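Trainee: Supplied in structure tokens, the structure appears directly below.
The values are calculated or read from the model by the stated rules, or taken from the named source; none is laboratory data. If you're wondering where the values come from, they're calculated on a predicted model, not measured in any experiment. Cβ placement follows ideal geometry from the backbone for every residue including glycine, while neighbour counts extend to all protein chains displayed. These area figures cover heavy atoms from the full protein model, side chains too; ligands, DNA and RNA do not enter into them. Shrake-Rupley method; radii C 1.70, N 1.55, O 1.52, S 1.80 Å.
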Amino acid sequence: MPEGDPGQEQFARAVTRFRNKFIMAAMAPLFTMRSELIGDDEFKTRGGIDTTTRNHLLQHLIHADKHRRHITYNPDEADLNYIETAIDPKMPITELARPFGGDEVQGAAGGELNLMWALDGSDVNIPLASKLNFRSQQSKILLGALDAAIVDWTRIESRHSTRHITVFDSLRMHSHYQQFLSLLAGFSGDANRVDIASGVLPSEEPRGPLDSPNFRDEQAVSGNNNTYVGASQDGGSGGGSASAQAANSNTNSTQNWLN
């Protein structure tokens, strides 16, 4: 499917056609961060996210927030609550307050544009949540927060403008970045990792999920004088396994012959 088609699953509420091309500029680093998140093997570990991975994602978050500030209509150069301040108060801010310019000049109206990224699952580089196999619960939370920010970028009122977004919309999106920062601070890093003793999930058992400890059906037990039929291997009840039924049939045949 081409770009502009309706989003699916977690992107179902995304608006895929609007006028503001600067919003797409703000969304670009989020898709880069998303590809880093889903491609990092650290998110396969259920114990948590190490400090190196956390710091790497923080750099992507700083980059995304820079884009947000730069597209904000801010002729008065108001403080936009830099995300860097929340991360490191000593980090220098050297970018221009209005790098794109044009805040003081009325611009011409532009036409509507299709979103440059396909959110319907047709782009293998932007997989839907149902296509991902995350073992880490923290990664699912972070992915959900990131995808929510992507969707809300397409839904702000400033999408009807040709360029720039209002300070109010900018701060609304800044709140998404603050939430992502809070998740990283509270649930990631070496100090927040836990030990996982059961390293193999039922879905990863080489002999199938039913071979997992405490996750198996009762087995059929047969002897010369009795036959016990437990629950079937497919999780059903009343019939027992095929081997148990066969053993029961053989016992009945022997009894009939003796009689």
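Trainee: With θ set to phi - 60°, apply the Karplus curve 6.51 cos²θ - 1.76 cosθ + 1.60 along segment 131-148 and write out the HN-Hα couplings as whole Hz, x wherever there is a Gly or Pro.
Mentor: Values per residue, Gly and Pro as x: 8, 9, 10, 8, 8, 7, 6, 4, 5, 5, 5, 5, 5, x, 5, 5, 5, 5 Hz.
Trainee: Collect residues whose amide H, placed 1.01 Å from N in the peptide plane, falls under 5 Å from the amide H of Arg17; neighbours closer than 5 in sequence don't count.
Mentor: Sorted by chain and number, the residues that satisfy this are Leu115.
Trainee: In whole angstrom, how far apart do the alpha carbon centroids of segment 3-54 and segment 127-206 sit?
Mentor: Computed from Cα coordinates, the inter-centre distance equals 8 Å.
Trainee: Using a 1.4 angstrom probe on the protein heavy atoms only, line up Met116, Met24 by accessible area, largest first. Spell out each step's value before the answer.
Mentor: Details: Met116 110, Met24 5 Å².
Solvent-accessible surface, decreasing: Met116, Met24.
Trainee: Let me ask another. Counting pairwise Cα distances across segment 110-167, what percent come out greater than 17 angstrom?
Mentor: 52 percent
Trainee: Non-local amide H neighbours of Ile165 (under 5 Å, H modeled in plane, Pro and chain starts lacking H): which ones?
Mentor: Result for Ile165 returns Thr72, Tyr73.
Trainee: Moving to a separate point now. How much length, in nm to one decimal, is gained on full extension between Thr52 and Ala185, taken as 0.36 nm per residue of separation minus their Cα-Cα distance? If you can, show how the numbers build up before the last one.
Mentor: Working: separation 133, 0.36 × 133 = 47.88 nm, distance 1.28 nm.
Working it through step by step, the gained length comes to 46.6 nm.
Trainee: Within the set of other residues whose C-beta is less than 13 Å from the C-beta of Lys44, count the net charge using Lys and Arg as +1 and Asp and Glu as -1.
Mentor: Values: positive: Arg46, Arg135, Lys140; negative: Asp40, Asp41, Glu42, Asp50, Glu204.
Combined, the nearby Lys, Arg, Asp and Glu give -2.
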